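Participant: Can you read through this structure? Questions will come right after.
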Number of protein chains: 2
Amino acid sequence: MQTPLKGACVIGQSGGPTAVINASAYGVIRTALDNEHITAVYGAANGIKGILADRLYDMGQEDPEELRLLLNTPSSALGSCRYKIADPDVDETDYKRLLEVFEKYNVRYFFYNGGNDSMDTCNKISRYFQRVGYACRVMGVPKTIDNDLYGTDHCPGFGSAAKYVATSFMEVYRDARVYDTGQITIIEIMGRHAGWLTASAALASHAGAGPDLIYVPEVAFDMEKFLADVTAIYERDKNALVAVSEGIHDAEGKLIAEYTGSAKSKDAFGHAQLGGLAATLAAIVKERTGAKVRGIELSLLQRAAAHLASQTDIDEAFLAGKTAVEQAVAGESGKMVAFERDMSSGQYVCKMVLLPLEKVANFEQKLPLDWITPEGNGITQEFIAYALPLIQGEPNRTLEHSLPRFANLKKVLVK
Amino acid sequence: MQTPLKGACVIGQSGGPTAVINASAYGVIRTALDNEHITAVYGAANGIKGILADRLYDMGQEDPEELRLLLNTPSSALGSCRYKIADPDVDETDYKRLLEVFEKYNVRYFFYNGGNDSMDTCNKISRYFQRVGYACRVMGVPKTIDNDLYGTDHCPGFGSAAKYVATSFMEVYRDARVYDTGQITIIEIMGRHAGWLTASAALASHAGAGPDLIYVPEVAFDMEKFLADVTAIYERDKNALVAVSEGIHDAEGKLIAEYTGSAKSKDAFGHAQLGGLAATLAAIVKERTGAKVRGIELSLLQRAAAHLASQTDIDEAFLAGKTAVEQAVAGESGKMVAFERDMSSGQYVCKMVLLPLEKVANFEQKLPLDWITPEGNGITQEFIAYALPLIQGEPNRTLEHSLPRFANLKKVLVK
């Protein structure tokens, strides 16, 4: 345990939002505001970009009740970014500017709330500060619906998105079977490289009303095999419900979403901007089977559905933020808060642990291959046992006229 | 008040399902099972098609608790159909068959749970039975997320779908603004000819986080005006959120969804099978503005989302079914249960009334033109005042492991 640093803290949010990323931000902000060693709590406008632009919000000026509403407010309340920071060994420009802004406000704690790419950013900043001898404790607070962060049992944001996916499948399952004329329904779920969220559709099957077939990016997608699978189920049941991950690709690595041949743009990290896979597959299946086919893309809904969040996920997301602050004050730095599953009591218990950022940065944790059925079109019971505890508990949402009452922050810029 | 008929009843469900159509079915089934004059309660498999095929389920054999779960189970539990029955003056075949099956089981009450087309079917059957002198009381029980049934203040199913649409817009609004790089988001909502459900997106704006622009089928859609509207908002705010109804069309009546030129199939009633409008508009807007554009289709989710149902809607749907049975036993026939809004107490009160089926059948109730802004791209406060009471109250859902526990009916066929 080291001496706590006396100074301000900055919290930034980065990457694609989730239903509970604000619960983590609240965990950081509330804990930091209440900590005697932290002199001011600043929120970076749009993550690292806000720090570079000297756009920091004074969280001390927010109404405590509005801050509390962050627990049930989806998306990133401080704004997010997808900013690829340079390697400090190649270009120090951004780092010098960060240092300048941090020194200006005497920032001694930096919390970055994000996924793989954000942990990489976080790690680079941490190493830079160490190298130049600037005393600032840097902590990563995980989030991602993709559940693909390395070294953690699971990621905040995943449980809520998984619950949304499972519930939506259960509802659509009923709808898709309402006529006796047959229908094939293909639902596209987010997940570029990891199939965790798509696998969550299996929770609906576990509850008796889910997909017949599930395709994840961990297994190469074979169009002919897929068409044979769907056709066999449709011929047997006059109905088929299929879950596909946006990132499924063929054996050569070509994305199935790109089978239409349209040029897709890429984001700042060079990821192809996906979408339209469900429509593409629906058209191919329709042509082959002649059946009525519907393609549904869950799109932004799956990561923004705070109304269907898992209370377990909210609690853990909050705790991740809280732990980051407490551990940083206690002397930790260059770490990411991670989750360890403890089943020793026979019950699911989630423990907070710390991982070195360099171990987490840029690695992607894939769905274990032995949790995918040998046929490559389904998910095993191991996954159900893994995921079910993560979706438990109904959120205690604040409503106004039966619609969500989200947090309205003042966002007063620090001058 | 006429003498109650002694005999069996049949309940059928027809047309596109809703989140609460089963609440109406439960209103009919529960009330009929408890009624001393009704000797048996049969559910028609897939609506009128099930009667023609002599496929009736014995509702008396169902577990009462499973039946109660229908209150929170989406889609049509008995199965649905889109079957266009002939004009009895032209072709009596179907009617003779219906009569044969009804006589076989001594059916004296027929309840048909559906929208416009179903009320037409219901009306034709009612008139036929009258003409041939078969004593059977026929009642329509309304449902439609489209809210376009004539003569009723609103329709069961609308409130829940409206709540889903409003909540989803509020969530996506937050997500779509998370980056400072700008985004235009276009969300497509069901509604071929009437804009009620699309207008519901305005409830999100009323709550502070909704669409900037709303386009409904009641007003001819002008592509150039639309592009100018979107561009103006995007240039001002770096962001734009747009609600469009699947049925928007140009001044010549051509559907905007068909601007891609792809041949669309038609359903049994000759309605074009819509879909893909959001993607079509997104591509056009992207080309014009160069902005990042996302098209989202709410698809089946909006009518199946029992998890976000309005308790008001569930209660009214149940009451519509219950009233149909009670009134039929009391001697009414050839009527549809309708809703009358009573605001005399200063509070919203919904009263059950009866309308002659021939007044309801085949008419479509459009959104009042003076509830659409003069620019044709927004919704007025009158709509908010109208719709807000319909979305109130959170459903008391039965959950298992935090996932919905839907009704599992045995569906024992009557021999």
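Participant: I need the full set of residues from the range B:179-221 which are part of a loop (DSSP other than H, G, I, E, B) and of a type in the set (S, T, N, Q), in order please.
Facilitator: B:T181, B:S200
Participant: State all residues of the range B:297-328 that are open to solvent by 10 Å² or more (accessible area, probe 1.4 Å) and in contact with a His (Cβ under 7 Å, 6 or more places away or on another chain); if no residue qualifies, say none.
Facilitator: Answer for the range B:297-328, where residues must be open to solvent by 10 Å² or more (accessible area, probe 1.4 Å) and in contact with a His (Cβ under 7 Å, 6 or more places away or on another chain): there is none.
Participant: Could we say that A:D91 is within 30 Å of B:L399 (Cα to Cα), open to solvent by 10 Å² or more (accessible area, probe 1.4 Å) and either in contact with a Gly (Cβ under 8 Å, 6 or more places away or on another chain) or not in a helix (DSSP H, G or I) (or both) here? Walk me through how you get there before you give the answer.
Facilitator: Numbers: within 30 Å of B:L399 (Cα to Cα): no; open to solvent by 10 Å² or more (accessible area, probe 1.4 Å): yes; either in contact with a Gly (Cβ under 8 Å, 6 or more places away or on another chain) or not in a helix (DSSP H, G or I) (or both): yes.
No.
Participant: Six or more apart or on different chains, Cβ under 7 Å: which pairs go from a residue in the range B:1-30 that's among the charged types (D, E, K, R) to one that's surrounded by fewer than 24 Cβ atoms within 10 Å (Cβ to Cβ) and outside any strand (DSSP E or B)? Could you list them?
Facilitator: Correct list of pairs: B:K6/B:H37; B:R30/B:L67.
Participant: Being in a loop (DSSP other than H, G, I, E, B), closer than 29 Å to A:C81 by Cβ, at pLDDT 95 or above and not polar (S, T, N, Q) is true for just one of A:E326, A:E332, A:E316. Which residue is that? Show your work before the answer.
Facilitator: On the way: A:E326 fails: in a loop (DSSP other than H, G, I, E, B); A:E316 fails: in a loop (DSSP other than H, G, I, E, B).
From the options A:E326, A:E332, A:E316, the qualifying one is A:E332.
Participant: Does the range B:378-387 contain at least one residue that is among the β-branched types (V, I, T), in contact with a strand residue (DSSP E or B) (Cβ under 9 Å, 6 or more places away or on another chain), more than 30 Å from A:G210 (Cα to Cα) and open to solvent by less than 40 Å² (accessible area, probe 1.4 Å)?
Facilitator: There is at least one residue in the range B:378-387 that is among the β-branched types (V, I, T), in contact with a strand residue (DSSP E or B) (Cβ under 9 Å, 6 or more places away or on another chain), more than 30 Å from A:G210 (Cα to Cα) and open to solvent by less than 40 Å² (accessible area, probe 1.4 Å).
Participant: In the set A:N72, A:N46, which member is within 13 Å of chain B (Cβ to nearest Cβ), polar (S, T, N, Q) and either without any contact (Cβ under 8 Å) to a residue 40 or more places away in the chain or surrounded by fewer than 24 Cβ atoms within 10 Å (Cβ to Cβ) (or both)?
Facilitator: Among A:N72, A:N46, only A:N46 is within 13 Å of chain B (Cβ to nearest Cβ), polar (S, T, N, Q) and either without any contact (Cβ under 8 Å) to a residue 40 or more places away in the chain or surrounded by fewer than 24 Cβ atoms within 10 Å (Cβ to Cβ) (or both).
Participant: State which residue pairs qualify: first residue without any contact (Cβ under 8 Å) to a residue 40 or more places away in the chain and more than 8 Å from chain A (Cβ to nearest Cβ) and inside the range B:284-313, second residue aromatic (F, W, Y) and open to solvent by 50 Å² or more (accessible area, probe 1.4 Å) in any location, beta carbons under 7 Å apart, and separation of 6 or more residues or different chains.
Facilitator: Close Cβ pairs (under 7 Å, with a partner that is aromatic (F, W, Y) and open to solvent by 50 Å² or more (accessible area, probe 1.4 Å)) do not exist here.
Participant: Would you check which residues across the range A:294-342 are of a type in the set (S, T, Y) and over 14 Å from A:Y112 (Cα atoms) and list them? Full working, then the answer.
Facilitator: Just the residues of the range A:294-342 that are of a type in the set (S, T, Y), to begin with: A:299, A:310, A:312, A:323, A:333.
Of everything in the range A:294-342, those that are of a type in the set (S, T, Y) and over 14 Å from A:Y112 (Cα atoms) turn out to be A:S299, A:S310, A:T312.
Participant: A further question follows. So, B:L5, is that one farther than 30 Å from B:L197 by Cβ and either assigned to a loop (DSSP other than H, G, I, E, B) or within 17 Å of the chain's Cα centre (by Cα) (or both) or not? Step through it out loud before you land on a result.
Facilitator: Numbers: farther than 30 Å from B:L197 by Cβ: yes; either assigned to a loop (DSSP other than H, G, I, E, B) or within 17 Å of the chain's Cα centre (by Cα) (or both): yes.
Yes.
Participant: OK, next. Please determine whether any residue of the range A:176-193 is free of Cβ contacts under 8 Å to residues at least 24 places away in the same chain, at negative phi and more than 10 Å from chain B (Cβ to nearest Cβ).
Facilitator: no
Participant: Criterion first (hydroxyl-bearing (S, T, Y), more than 14 Å from every other protein chain (Cβ to nearest Cβ) and under 22 Å from A:F318 (Cβ atoms)) does A:Y109 satisfy it?
Facilitator: Spelling it out, A:Y109 is indeed hydroxyl-bearing (S, T, Y), more than 14 Å from every other protein chain (Cβ to nearest Cβ) and under 22 Å from A:F318 (Cβ atoms).
Participant: Do we find a residue being open to solvent by 30 Å² or more (accessible area, probe 1.4 Å), more than 14 Å from chain B (Cβ to nearest Cβ) and part of a helix (DSSP H, G or I) anywhere in the range A:403-413?
Facilitator: No; the residues of the range A:403-413 include none that is open to solvent by 30 Å² or more (accessible area, probe 1.4 Å), more than 14 Å from chain B (Cβ to nearest Cβ) and part of a helix (DSSP H, G or I).
Participant: Is it the case, given these coordinates, that A:D212 is open to solvent by 10 Å² or more (accessible area, probe 1.4 Å), in contact (Cβ under 8 Å) with a residue 40 or more places away in the chain and more than 14 Å from every other protein chain (Cβ to nearest Cβ)?
Facilitator: Criteria not met by A:D212.
The values are calculated or read from the model by the stated rules, or taken from the named source; none is laboratory data. Predicted model only: the values in this text are computed from it and were never measured. As a convention, Cβ positions derive from the backbone with ideal geometry for all residues, glycine included, and neighbour counts pool all protein chains shown. The area values use the complete protein model at the heavy-atom level, side chains included, leaving out ligands, DNA and RNA. Shrake-Rupley method; radii C 1.70, N 1.55, O 1.52, S 1.80 Å.
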